[in-house]
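Each remark here refers to the structure printed beneath this line.
The values are calculated or read from the model by the stated rules, or taken from the named source; none is laboratory data. Because the structure is a prediction, the values reported are computed rather than measured. Here Cβ is always computed from backbone atoms with ideal geometry, including for glycine, and neighbour counts include all displayed protein chains. Calculation scope for accessible area: heavy atoms of the full protein, side chains included, ligands and nucleic acids excluded. Shrake-Rupley method; radii C 1.70, N 1.55, O 1.52, S 1.80 Å.
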Amino acid sequence: MTEPSAEGGPDRDAPECLPGRPATDRPGRRRRWLLFTPLTGLTALVLAGAVARLAGQPGAGDALWALATVVALLPAAASVLRDLWRRRFGVDVIAVLALAGALGVAEYLAGAVIAVMLATGRTLEAYAQRRATRDLRALLARAPRTARRRTADGGVEVVPVDRVAVADRLLIGPGDVVAVDGVAESPASLNESVVTGESRLVERAAGERVASGVVNAGAGFGLRATESAARSTYAGIVRLAEEATARKAPTVRLADRFAAAFVPFTLALSGLGWAWSGEFVRAVAVLVVATPCPLLLATPIAIVSGLSRVARRGVLVRDGASLETLGRARTLLVDKTGTLTAGRPRVAEIVVAPGGEPDEVLRLAASVEQLSPHVLAAALVRHAGDQGVRLDTPTEVTEAPGRGVSGRVAGRRIQVGQLGGEPPQWAGPARSRAQEAGHSVVWVADDAGPLGAVLLEDPVRPDARRTVDRLRAAGLARIVMVTGDRPEVARRVGEAVGVDEVLARCTPREKVSRVRAEAGRAVTVMVGDGVNDAPALAEAQVGVAMGATGATASADVADAVLTVDRLDPLADAVEVARYARRIAVQSATVGMGLAVLAMGFAAAGRLPPVAGAFLQEGIDVLVILNALRALGGGPRRPD
């Protein structure tokens, strides 16, 4: 019998979901066919009219071209009337006037060409939108719906993911999508590309964290859930994906604001050409070449294309407005712990009492800490595994919050955590070193007294300095580290990564004040990872959360989330945002500049409507294809 997968198993009614099938189905092909239907139909009418004219039937040819003009005019006019009813006034009105004017002066070929031009622009826009949001749609389509849960009697049951609770033991089969965040109970080979953007397989040992959304690329393994589905990494990514195209970018809304100046200018110029020559056809020619497709289409295409690129690099941006703002950023405020540093403590040094052995102290401490969920406990157990130290199974384990863990190891009572009273003389120098370096100290003792101390550090991310350098090269003029840590520790990290200023002992309220002050001088980005960073992320013009550890409060209020536990995708996002914005502005500026130049020739009678229509068609295609460059090219991820 075939076991069901984590997504509900094989479905006889949905063969396209079977492994190995292409991600294309009949409804998808039908939607793509419908996408090109208006353009295909209008092009056929134009060509049929040309054939009729060549066959000596000018009346039939004009009728077909007029029909194409009307087919484009009716929906465009309805759209403009709806906008006017909602008290919105946009540049679409120029296209309607151009189509109506072409009919009024019997320039049917010009009207038909305008109709094809509008259909071409909308088709290219829809194509770019579909391609650019492909990664976001894939996230939604892959969201797991069910999971295999082990039962008390040793069996396995398939349950909806919303019924998975913390501490549930799950079975992840080959090819399954992991439904919730958890800890591997046995070694696992995982494909994390959807979440992290990395294509290579990743090996996870027993006890290591596994993020939801990754795919089991090896044999089945057990997983102990550490989060519910709603609070897991993948759920947070999906929530952002659902919002990713909900709002328009400022550069897109600029098109409608631009209408306040451009539409009166166009009408005045067309009226001037008509009044000067007495020929209404000049006014129509001006309207034909004034159709502002470069601004209406090229700008959103470039921005949405940028959203797709940053998504593939492990950064999920909430909307086009956030990407456009990120492309204008000049100041970066960044948290220290978990952002510039790894946020995962590691053993830096083991200090032992005279006559003691470091491996023995580590063995006793890690054996007791095996059952503790504390981050320092995980560091001790991980280090023992790295050193090949065999651990014993502890008994009578108890944990006192804020004090530590105690238990029996081979009949010996061991305490790990805080030390009551003054430290012994032999530990004085190590304690001083720990205070200077900002290390955490975990004491290990038995009934006779302290046996040793383990010093743990939070190392600077290996990619932090390189990322800061890339951010400067991308145009960020000021980089400030804000942290609640001690000044000496903060200063050491700041010097290591190369920031401009270090602000230590900052409370969440002080972080918000500093973000507000910096935002008053330049477009400011704030990067953080913890709940205490959430207010500052919300205050910044662009808040970026280190979301690889789950859907925390910081990820919920952020404008962008790094879905991989690295900092360098932030530099990727800034570079792509600047490139996409530059392409958007370039496309709109060049396109509209060419259109205004053509309008002058049309008003002077040097550009008839038909020639103007073909010229405008060429301008539109040129700038839209240029905008599509934002889907590729530009900055590349360094090796």
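Residues PHE601, PHE221, PHE280 ordered from highest to lowest accessible area at a 1.4 Å probe: PHE601, PHE280, PHE221. With a sphere of radius 11 Å drawn around the Cβ of ALA519, what net charge do the other residues whose Cβ falls strictly inside it have (Lys, Arg +1; Asp, Glu -1)? Residues close to ALA519 contribute a combined charge of +2.
ASP62 sits with roughly 50 Å² accessible to a 1.4 Å probe, with DNA, RNA and ligands left out of the calculation. Positive contributions from Lys and Arg (+1) and negative ones from Asp and Glu (-1), summed over other residues with Cβ under 12 Å from the Cβ of ALA613, come out at -3. Each of TRP426, TRP85, TRP274 has its accessible area taken with a 1.4 Å probe; listed largest first, they run TRP85, TRP274, TRP426.
In this structure GLU436 has an accessible area near 120 Å², from a 1.4 Å probe over the protein heavy atoms.
Measuring only protein heavy atoms, the 1.4 Å probe finds GLU399 accessible over about 90 Å².
Each part gets one Cα centre, and for region 44-91 versus region 429-494 those centres are 68 Å apart. Sorting ARG309, ARG478, ARG578 on solvent-accessible area from highest to lowest, probe radius 1.4 Å, gives ARG478, ARG578, ARG309.
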